[in-house]
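All remarks here apply to the structure that follows.
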Amino acid sequence: MGVYVVRRAGWAVLLVWLVTVFTFVLSHVIPGNPAAFLAGFGATRQEIRALAIQMGLTKPLIVQYGDYMGSLFHLQLGTSAATGDAVTTDLAHYLPATVELVVISFALYVAIAVPLGTWAAHSQGRLVDVLLRVATIVGSGVPVFWLGILLQELFFARLGWLPDSGELPIGSAAPPHYTGMYLVDSAVAGQWGTFGQAVLHLVLPVATIVIAMLAVGLRSTRASVLQELGRPYVRTARSKGMGEARLLTGHVMRNALNPVISLLSLQFGYLLGWVVLVETVFDWPGIGLYTYNSIQSLDYDPIMAVTLLTATVFIVVNLLADLAYPLLDPKIRDAGS
């Protein structure tokens, strides 16, 4: 088991380093001059040149990368040229809103996809199974940004049931800052009116993410559970009178979890990518919107920092999923050791 963990952790570290190389090179070779953008339309060539020197953009690319990695080892992520603040300060400001959105969306997604997929597998060939499969086919073809705009049009513009953007109504006071997550902070402060408003503002962005992800999770869970239901041990358990609920929860789902966990970890990565689109559509003040604005202004340091952060989270989640496999299936642990 120890060798298994070390090997997986080593690959994770290598992948994070490769992400820094790829993102740094890609962000610096795309057309555009961030110094010219930040200097403004009326800036002279000399002013743009001076700003480029100040930003270190005139150094060779390998030197710029060395400077970046040196700062990274000291936990310095640079300075946003657009906001003028340290990137760590910006991330501390924007990250809680994204964490709140991502955690709630992913938890709700898992809580819906796994039971529905299991139900569809157990009801194979029946009406509920057919309806769920049709829903997954339709859902898998809907772009997440288009889905968000459609939900805004329906529930905000036409029905007026839900707010279309932001964390709270315009002009509302934010709750006392404890974590930066409005649901948590308003609950801790006992501001239940603010809590209710925060819940309403979460409904549409969360629904957009969950609906966009649901098709893949439901389909994968259904396939995995169906495969297990065809095993001989299931027929044996049924012949001995074991109840369906106990059979599904105590045996089938345990054996079907490995491919489901693998898919969920990958879906978490997709969610980190989609959050840029969702936050932009709903004007959600998180790192997705921060990244979009940074890309618009070719602000290298924030782009690098957010990319590194999301890639690291994605790799760590997949590493944890890999480490969970031996706990669910001892044969993997024995093979890994």
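Observations, loosely collected:
- Scanning the stretch 227-239 finds one or more residues that are within 26 Å of Val317 (Cβ to Cβ) and either of a type in the set (A, V, I, L, M, F, W, C) or in contact (Cβ under 8 Å) with a residue 24 or more places away in the chain (or both).
- A residue that is modelled with pLDDT of 90 or more, within 16 Å of Ile287 (Cβ to Cβ) and either surrounded by 17 or more Cβ atoms within 10 Å (Cβ to Cβ) or not aromatic (Phe, Trp, Tyr) (or both) cannot be found anywhere in the stretch 59-77.
- Scanning the stretch 259-302 for residues that are among the small types (Gly, Ala, Ser), surrounded by 24 or more Cβ atoms within 10 Å (Cβ to Cβ) and outside any helix (DSSP H, G or I) returns a single hit, Gly286.
- Scanning the stretch 219-254 for residues that are among the small types (Gly, Ala, Ser) and under 28 Å from the mean Cα position of the chain (by Cα) returns Ser220, Ala223, Ser224.
- Matching residues in the stretch 89-119 - criterion: being free of Cβ contacts under 8 Å to residues at least 24 places away in the same chain, farther than 17 Å from Leu263 by Cα and either part of a loop (DSSP other than H, G, I, E, B) or of a type outside the set (A, V, I, L, M, F, W, C) (or both): Thr89
- For the stretch 139-165, taking the residues that are surrounded by 14 or more Cβ atoms within 10 Å (Cβ to Cβ), in a loop (DSSP other than H, G, I, E, B) and of a type in the set (Gly, Ala, Ser), the one that is nearest to the chain's Cα centre (by Cα) is identified as Ser140.
- For the stretch 180-211, taking the residues that are free of Cβ contacts under 8 Å to residues at least 60 places away in the same chain and not in a helix (DSSP H, G or I), the one that is surrounded by the most Cβ atoms within 10 Å (Cβ to Cβ) is identified as Gln191.
- Candidates Ala256, Ala305, Ala311, Ala237: the one that is out of contact with any strand residue (DSSP E or B) (no Cβ under 9 Å at 6 or more places or on another chain), surrounded by 20 or more Cβ atoms within 10 Å (Cβ to Cβ) and at pLDDT 75 or above is Ala305.
- Looking at Leu91, Leu77, just one residue is of a type in the set (A, V, I, L, M) and in contact with a strand residue (DSSP E or B) (Cβ under 8 Å, 6 or more places away or on another chain), and that residue is Leu77.
- For Tyr4, the requirement of being aromatic (Phe, Trp, Tyr) and modelled with pLDDT of 85 or more is not met.
The values are calculated or read from the model by the stated rules, or taken from the named source; none is laboratory data. In this text, all values refer to a predicted model and were calculated from it rather than measured experimentally. Note: ideal-geometry Cβ built from the backbone for every residue, glycine included; neighbour counts use all protein chains shown.
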